[in-house]
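The values are calculated or read from the model by the stated rules, or taken from the named source; none is laboratory data. Everything quoted here is computed from the prediction, not taken from an experiment. Positions of Cβ are backbone-derived with ideal geometry, glycine not excepted, and every protein chain shown enters the neighbour counts. The area values use the complete protein model at the heavy-atom level, side chains included, leaving out ligands, DNA and RNA. Shrake-Rupley method; radii C 1.70, N 1.55, O 1.52, S 1.80 Å.
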Amino acid sequence: EAKDNGGDQYFIYHGDMFQRVAHRVMMEGEVKQALAKGQFSLSLQPQLVAKTNKVYGFEALLRWQHPERGMVSPDDFIPILENSEHMIALGYWVIRRCFQLSKKIKQVGLDDVVIAINLSAAQFTDVNLPDYLNSLLDEFQLTAASFELELTEQTLVKDIDKAIISMDNLRLLGFSFAIDDFGTGYSSLAYLKRMPVDVIKIDKSFVFGMLENNADFQIIMSTIAMVKNLGLTVIAEGVETQAQLRSLTENDCDLIQGYFFSKPIPETELFEFIDSEIVDGKWRVDLIAKPT
Ligand code: C2E
Ligand code: MG
Ligand code: MG
Ligand code: MG
């Protein structure tokens, strides 16, 4: 422990802690202001059915256009603000925006396209969440089948019993669940047995080197086999090359998300993008058939 090791480390430890707390407090204030000033937006990244090129859905990814710091990555503020009331407020903003977008997407004829919404642990266990979602379903006249809630392994294993209660409440409204970043957390396969999960997302860290690194490849193949044997759907994120796409498709991965066919698209460009890239609910070009 730092305290037992003498003076210096003792103070360094407190210095770090002070900086972390100060940074967090500063970020909380900034997020509150940013929300009021409209600096947040969503980007949408398409998810395709591997074998058919059909558009399955779009993952909603939060973007913060900071006036001085430019585009701030969600990885640089969401983990810091976990549990803060402003993060919960921001989470509700994201959900509402997803409902607006889903409505518009249906209006352009993509009827069964799903919007995947990332939920933080605090948001997922917030007792007001089911009521909020229910009121939005009513307001926008949408069904819960139009959405998929993404939870990470960390969120689920924090308190498995509490997570099951939250999931059951949301499930009653008709929402489905995807497990994000699969394989990177403190994996407890128990949740696959006990929780009403629909989709497993293979983390991009396994996908990046899957054709060069045999361990990554085997982990992906075993995950696909397990998920399919459980009767669930499997998606790979971080697919950047045609070779990865081909290998995943040949090995029965259901869904694909990644830069190979699209980076996340700013919401202001979404409908222009849909017009130019998607025809009759399918990707315009056959990505698999094309020779490399
Ligand atoms: P995630 O949910 O695992 O989202 C996937 C991340 O991978 C996104 O990063 C996406 O841009 C990136 N990605 C997708 N395909 C590729 C690819 O082919 N190559 C590479 N290099 N990256 C790819 P992003 O947008 O920076 O988001 C990072 C994380 O921030 C998300 O990881 C998620 O955990 C969190 N996040 C984003 N939006 C929200 C939100 O609205 N609420 C919550 N609670 N978390 C969010
Ligand atoms: Mg996600
Ligand atoms: Mg992920
Ligand atoms: Mg991730």
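The set of residues from the range 205-238 being within 13 Å of Asp254 (Cβ to Cβ), touching a Gly at 6+ places or on another chain (Cβ under 8 Å) and not charged (D, E, K, R) comprises Thr223, Ala236. Annotation: of all residues in the range 125-160 being crowded, with 16+ Cβ neighbours inside 10 Å, not β-branched (Val, Ile, Thr) and not in a helix (DSSP H, G or I), the one that is farthest from ligand 2 (Cβ to nearest atom) is Leu142. Within 16 Å of ligand 1 (Cβ to nearest atom), under 18 Å from the mean Cα position of the chain (by Cα) and touching a residue at least 60 places away in the same chain (Cβ under 8 Å), is that true of Asp180? Against the criterion (within 16 Å of ligand 1 (Cβ to nearest atom), under 18 Å from the mean Cα position of the chain (by Cα) and touching a residue at least 60 places away in the same chain (Cβ under 8 Å)), Asp180 qualifies.
Mind checking which residues of the range 111-122 are within 16 Å of ligand 4 (Cβ to nearest atom) and either modelled with pLDDT under 95 or open to solvent by 30 Å² or more (accessible area, probe 1.4 Å) (or both)? Working first, answer last.
First, the residues of the range 111-122 that are within 16 Å of ligand 4 (Cβ to nearest atom): 116-121.
Hits for the range 111-122 are Asn118, Ser120, Ala121.
Looking across the range 174-200, the residues that are open to solvent by 50 Å² or more (accessible area, probe 1.4 Å) and either more than 16 Å from ligand 2 (Cβ to nearest atom) or under 26 Å from Val55 (Cβ atoms) (or both) come down to Tyr186, Ser187, Leu189, Lys193, Arg194.
How many residues are acidic (Asp, Glu) and surrounded by fewer than 16 Cβ atoms within 10 Å (Cβ to Cβ) if we restrict to the range 230-249?
Selection size over the range 230-249: 1.
Are any residues in the range 21-71 part of a loop (DSSP other than H, G, I, E, B), touching a strand residue (DSSP E or B) at 6+ places or on another chain (Cβ under 8 Å) and under 22 Å from Gln100 (Cα atoms), and if so, which ones?
Across the range 21-71, the qualifying residue is only Gln39.
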